[in-house]
Amino acid sequence: MFHSMRSLLFIFIFLCPLSAQSNISLKILHNKDITPFITDIAKLGNKVFYEYPYLCDGTVEEYSPYFQEYANSQKGVAVLLFDDTELIGLAIGMPFKAMHESTPETAEPFTNHNVSAAYYLGDMVLDKQYRKKGYGRLLYTNFENTVKSMSTFDTMYFCKINESNDHPLKPDGYSTFEPMWRKFGFIEHREYTFLWDWKERDKAQVSPHKMIYWSKSLNKE
């Protein structure tokens with residue numbers, strides 16, 4: 001009940017601009033209500049994942065069906081951050097079991113695990129110019145509280161690429177987001193890995209990329 005009330009409080013506050021002088025606002029959406037925003041979500045995903053460390057040479061048309069899976073999930077959630085009408089950030093997810101069914105390669109490390117009470121944060125992305133301003137925490141906090149309000153899930157998972165320190169396209173001054181995830185309470189599980197294929201922007205062919213799972217208990221305060 002407490003988690004539900006807290007989530008409703010975040011929804012009430014952040015459906016409106018964050019201040020009278022700000023055009024930043026936030027929407028929390030569930031399953032089919034996400035569908036009208038799929039194109040904008042795919043555009044932002046395409047823009048951010050083109051950057052290091054993913055370097056994904058994708059298209060909006062390729063991303064759209066992937067993000068639609070979250071809208072198709074009965075317990076899919078999207079937290080969308082806007083500057084006026086422009087989508088600048090998002091956190092989107094679905095039950096872990098549903099993710100495994102829609103994308104079987106993600107299930108490989110969990111063949112002998114019961115994940116019925118686990119939730120999957122599929123993507124959390126923020127436009128580059130809005131980073132380091134507290135919006136990442138805003139997105140994640142609202143996402144986690146919305147998942148907790150369902151009173152169904154006890155663990156949150158996400159996966160991220162195994163970053164290379166010597167990649168030729170790694171920009172000068174790049175800072176990994178791993179410290180942020182640890183501040184949010186996540187633990188890296190290097191024993192839970194799988195390979196995900198995509199084409200990098202500097203390569204001619206699709207290649208496999210090692211993905212590593214991170215998790216967090218949702219029962220801890």
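Since every read-out is calculated from the coordinates, none of them should be taken as a lab result. Given the structure is predicted, the values throughout are model-derived calculations rather than measurements. Neighbour counts run over all protein chains shown; Cβ positions are idealised from the backbone, glycine included.
List of remarks:
- Summing +1 for each Lys or Arg and -1 for each Asp or Glu among the other residues whose beta-carbon sits under 10 angstrom from that of residue 206 gives -1.
- Mean separation of Cα pairs under 8 Å and 6 or more residues apart, divided by the residue count, gives the stretch 17-114 a relative contact order of 30 percent.
- Protection proxy ranking of 113-120, 140-147, 183-190 - average other beta-carbon atoms within 10 Å, highest first: 140-147, 113-120, 183-190
- Low-density loop positions, trypsin sites (Lys or Arg not before Pro), the stretch 108-145 - DSSP coil, at most 12 other Cβ in 10 Å: 132, 133
- Spatially close lysines, pair count over the stretch 143-221: Cα under 27 Å, gap of eight or more or interchain: 19
- Modelled this way, with points 7 Å down the Cα-to-C-beta line, the labels at residue 207 and residue 47 are 2.7 nm from one another.
- Cα centroid separation - the stretch 173-214 against the stretch 105-132, whole Å: 11
- Here the spin labels are modelled as points 7 Å beyond Cα on the Cα-Cβ line, and at residue 190 and residue 162 they lie 0.9 nm apart.
- Annotation: extensible slack from residue 30 through residue 180 equals 51.4 nm (criterion: 0.36 nm per residue apart, minus Cα-Cα distance).
- Using a cutoff of 8 angstrom between alpha carbon atoms and counting only pairs six or more residues apart, the relative contact order for the chain works out to 21 percent.
- For the chain, complete DSSP H runs whose alpha carbons reach 15 Å or more along their own long axis and whose mean Kyte-Doolittle score is -0.5 or higher are 2-14, 38-49.
- Counting other Cβ atoms within 10 Å as a rough exposure proxy, the listed residues 160, 32 run 32, 160 from fewest neighbours to most.
- Where labels lie 7 Å past Cα in the beta-carbon direction, separation of residue 112 and residue 75 in nm: 2.5
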